[in-house]
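The values are calculated or read from the model by the stated rules, or taken from the named source; none is laboratory data. Since we're looking at a predicted model, the values are computed, not measured. Cβ sites come from the backbone with ideal geometry, for glycine too, and all protein chains shown count toward neighbours. Ligands, DNA and RNA are excluded from the accessible area calculation, which covers all protein heavy atoms including side chains. Shrake-Rupley method; radii C 1.70, N 1.55, O 1.52, S 1.80 Å.
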2 protein chains.
Amino acid sequence: MYKNITMMHGGGGAIMQQMIQNTIIKNLKDKSCEIPLSALDDAAIIDGIVFSTDSYTINPLFFPGGDIGRLSISGTVNDISVMGGDPFALACSLIIEEGFPIDDLERIMMSIHETCTEAKVHVVTGDTKVMEKKSIDKLVITTTGIGKKSKLLEHNLEIIQKYRPNYNKLWLSDFNIEKGDKIIISGTLGDHGTAILSARNNYGFDSNIKSDVSPLNSVIEKALAIGGITNIKDPTRGGLANLLNEWTSKSGIGLKIYEEKIPVKESVRTALGFLGIDYLEVGNEGKVCISAIPEKAEEILQTIKQTKEGEDAMIIGEAINEIDIPVLETIIGGNRIIPMPSGDPIPRIC
Amino acid sequence: MYKNITMMHGGGGAIMQQMIQNTIIKNLKDKSCEIPLSALDDAAIIDGIVFSTDSYTINPLFFPGGDIGRLSISGTVNDISVMGGDPFALACSLIIEEGFPIDDLERIMMSIHETCTEAKVHVVTGDTKVMEKKSIDKLVITTTGIGKKSKLLEHNLEIIQKYRPNYNKLWLSDFNIEKGDKIIISGTLGDHGTAILSARNNYGFDSNIKSDVSPLNSVIEKALAIGGITNIKDPTRGGLANLLNEWTSKSGIGLKIYEEKIPVKESVRTALGFLGIDYLEVGNEGKVCISAIPEKAEEILQTIKQTKEGEDAMIIGEAINEIDIPVLETIIGGNRIIPMPSGDPIPRIC
């Protein structure tokens, strides 16, 4: 038992989950709704409104491929979209360090504006607080979003019901995955974390390594228009390893993943390998993982591959009727369990 | 022109407003909706949903009369209620310093639970981030709330229309105040700020001084049930002085306030006087200021006075047809302008 908070308590893995259960969920009264707090999903759903919040504490604020502004819009837009929500309004709360350059703040606001335009959402409300020097590291943004039920959810459900007549789950939740579902990843893993490490430490990695941070609501919309999707989730803190463990434990199903199918850029593989970091455990900010009925998986894959954000998409595995853990069939042969990470190996990745 | 952020940029007064206009609003595209970002009101209203966010950076976390948990629920509940919204779901995002005692976090979660019960709202989603020591001062909570239109708003409007047939403003906004409106304050000013200063500095003030931090949705509901209310706002950062200046400039109307009517506890008056702080400029966390048609003001006042939170309520002034500034008729005689404060005299008051 921990007596004090450690960096791993914010790492999105097992240590954080235990603390959230024992210290937070235990003390709050759960409200019965479509997706409640206790589901610990990417967003709550209450009275048809998808509602999600995230504080962005990323270090550094500017990095190859993005900045905290782009991240704070993309992250929240994605958390709403992966539940089947259509994000329509955002709230941004800024906590700024005394002495922070107003020019940098303006650059970040312009980035927020650009990302909002790309994602077709608007910031409609906000707050500004200032803390003394060394009471906050430069700037933290908390972005909260609200979304309405996507018009495509009913269509998506109808497609599933063609093949599974008793299936009746409208929203996309971690509890939905069933035997036979194919697992699709929308692109390469590890880009964001490697870009952050590179910007932070000047390791001299391949200069083409860029964060993938991006709003994915339009990609998700295209996939839902095909239909047959049981769940979508973005592999952020704790990476794909955390995501797969959440899926197996919440859905009570096994997952078989094929290592050779997982897309990773060679430069990222080299950089993370050099640091001894498992790309499966590193957070991404522009990728989604989709579970879909096998009859539609290939069509969904081809649709995603036609988008800019999804050109490297792959089917990487499937849900199997075995004990509820994710198993990796390795390239060198043999299977190994993908363990739940304690937390993301890269602190303050988002 | 400032090149860097100062503590006053988070102080809720003129300096913050200028920065928000020039650096934030200027760069974001305003979404046309019931109450847009550019209205800079306590909440946005979009498609009938009241939406508000606040980061709570208060120092210290525990203080006479409350703690950051109670504050973070009350503040957001109040921001939704003062617009005419009925808060129904909250999102809480925690940013915690490495090394923070988990026992303290649990105490704060219990306080959040108690305040939610009192306000009849639920936390339905959240986020947890950890920052290194000296990258964040202990704990910051960002609470975002969503509310539905109060069922009493139509009734409230009908009552106004009995006396002002052309009045058609359903929501309670800073642009609504009209000549003749009475100004009601729900209780004594300065308690919260004085309690914070006392906890922070060990000044040895009267030990009965306590923060007023409280959810006010039930008081607001009772007032709206009488009807005739044109606007409600809570005098937080920058205090009543900031509130009155926002009302006069946005509604384009003058306000006459009678100093002898403003309720201030003697102990608070003494403590703030000793420090040379104007109680009009200090943030409160359990008070609302109401503008109402004169025909209903007395009935609203009596209703508020029957509540625990409103027993010291007073009618303190009225809207007059003069230049759009607030004027104070002083106890010693004569009038003086109530200037817009540069920012709250007490940093990190909320």
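Things worth noting here:
- Residue within the stretch A:230-242 that is out of contact with any strand residue (DSSP E or B) (no Cβ under 6 Å at 6 or more places or on another chain) and more than 17 Å from A:GLY286 (Cα to Cα) present: no
- Criterion applied to B:ILE346, B:ILE304 was being over 20 Å from B:ASP174 (Cα atoms) and assigned by TED's automatic domain parsing to the domain that holds B:ALA225, and the one residue passing it is B:ILE304.
- If the condition is being more than 9 Å from chain B (Cβ to nearest Cβ) and in a strand (DSSP E or B), then the stretch A:110-135 contributes only A:LYS133.
- Check on A:LYS233, among the basic types (Lys, Arg), surrounded by fewer than 24 Cβ atoms within 10 Å (Cβ to Cβ) and assigned by TED's automatic domain parsing to the domain that holds A:ASN202: no
- Residue match in the stretch A:5-17 (condition: more than 7 Å from chain B (Cβ to nearest Cβ), assigned to a strand (DSSP E or B) and at negative phi): no
- Tabulated pairs, the stretch B:321-350, first away from chain A (no Cβ under 14 Å), second part of a strand (DSSP E or B) and acidic (Asp, Glu), C-beta under 9 angstrom, 6+ apart or interchain: B:ASN335/B:GLU329; B:ARG336/B:GLU329
- Only one entry of B:ILE141, B:ILE112 meets the criterion of being open to solvent by less than 20 Å² (accessible area, probe 1.4 Å), touching a helix residue (DSSP H, G or I) at 6+ places or on another chain (Cβ under 8 Å) and in contact (Cβ under 8 Å) with a residue 60 or more places away in the chain, and that entry is B:ILE141.
- Test for B:SER267: is it under 18 Å from the mean Cα position of the chain (by Cα) and among the polar types (S, T, N, Q): no
- Within the stretch A:165-177, considering residues that are open to solvent by less than 60 Å² (accessible area, probe 1.4 Å) and over 24 Å from B:THR128 (Cβ atoms), the one farthest from the other protein chains (Cβ to nearest Cβ): A:TYR167
- Any hit, the stretch A:24-47, residues being facing chain B (nearest Cβ under 10 Å) and over 30 Å from B:GLU118 (Cβ atoms): no
- Given (1) open to solvent by 40 Å² or more (accessible area, probe 1.4 Å); (2) in contact (Cβ under 8 Å) with a residue 40 or more places away in the chain; (3) over 22 Å from A:GLU34 (Cα atoms); (4) not charged (D, E, K, R), number of the condition A:HIS155 does not satisfy: (3)
- Cross-chain or 6+ apart pairs with Cβ under 7 Å, the stretch A:81-96 first and at positive phi, then in a strand (DSSP E or B) and surrounded by fewer than 24 Cβ atoms within 10 Å (Cβ to Cβ): A:GLY84/A:LYS149
- The number of residues in the stretch B:248-306 being of a type in the set (Gly, Ala, Ser) and open to solvent by less than 10 Å² (accessible area, probe 1.4 Å) comes to 7.
- Taking the listed residues B:LYS182, B:LYS162, the one that is more than 14 Å from chain A (Cβ to nearest Cβ), farther than 30 Å from A:LEU139 by Cβ and surrounded by 18 or more Cβ atoms within 10 Å (Cβ to Cβ) is B:LYS182, with no other qualifying.
- Residue pairs whose Cβ atoms lie under 8 Å apart, separated by 6 or more positions or on different chains, with the first residue in the stretch A:186-197 and surrounded by fewer than 24 Cβ atoms within 10 Å (Cβ to Cβ) and the second assigned to a helix (DSSP H, G or I), are A:THR188/A:VAL268; A:LEU197/A:ALA271; A:LEU197/A:LEU275.
- Qualifying positions in the stretch A:115-130 - of a type in the set (D, E, K, R) and open to solvent by 10 Å² or more (accessible area, probe 1.4 Å): A:GLU118, A:LYS120, A:ASP127
- Residue satisfying all of: in the stretch B:280-331; among the hydrophobic types (A, V, I, L, M, F, W, C) and assigned to a loop (DSSP other than H, G, I, E, B); farthest from B:LEU71 (Cα to Cα) among these: B:ILE323
- Considering (1) within 14 Å of another protein chain (Cβ to nearest Cβ); (2) over 23 Å from the mean Cα position of the chain (by Cα), the lone condition that B:TYR203 does not fulfil carries the number (1).
- For the criterion of being open to solvent by 50 Å² or more (accessible area, probe 1.4 Å), closer than 25 Å to A:LEU157 by Cα and in contact (Cβ under 8 Å) with a residue 60 or more places away in the chain, A:GLU311 fails.
- A:ILE146 vs. criteria at pLDDT 95 or above and either at the interface with chain B (Cβ under 7 Å from one of its Cβ atoms) or open to solvent by 60 Å² or more (accessible area, probe 1.4 Å) (or both): yes
- Within the stretch B:81-109, the residues that satisfy the criterion of being open to solvent by 10 Å² or more (accessible area, probe 1.4 Å), in contact with a Ser or Thr (Cβ under 7 Å, 6 or more places away or on another chain) and at the interface with chain A (Cβ under 7 Å from one of its Cβ atoms) are B:GLU98, B:ILE102, B:GLU106.
- Pairs, first at positive phi in the stretch A:234-260, second surrounded by fewer than 18 Cβ atoms within 10 Å (Cβ to Cβ), C-beta under 7 Å, six or more apart: A:GLY252/A:ASP324
- Residue within the stretch A:59-79 that is in contact with a Phe, Trp or Tyr (Cβ under 6 Å, 6 or more places away or on another chain), among the small types (Gly, Ala, Ser), within 28 Å of A:VAL219 (Cα to Cα) and more than 9 Å from chain B (Cβ to nearest Cβ) present: yes
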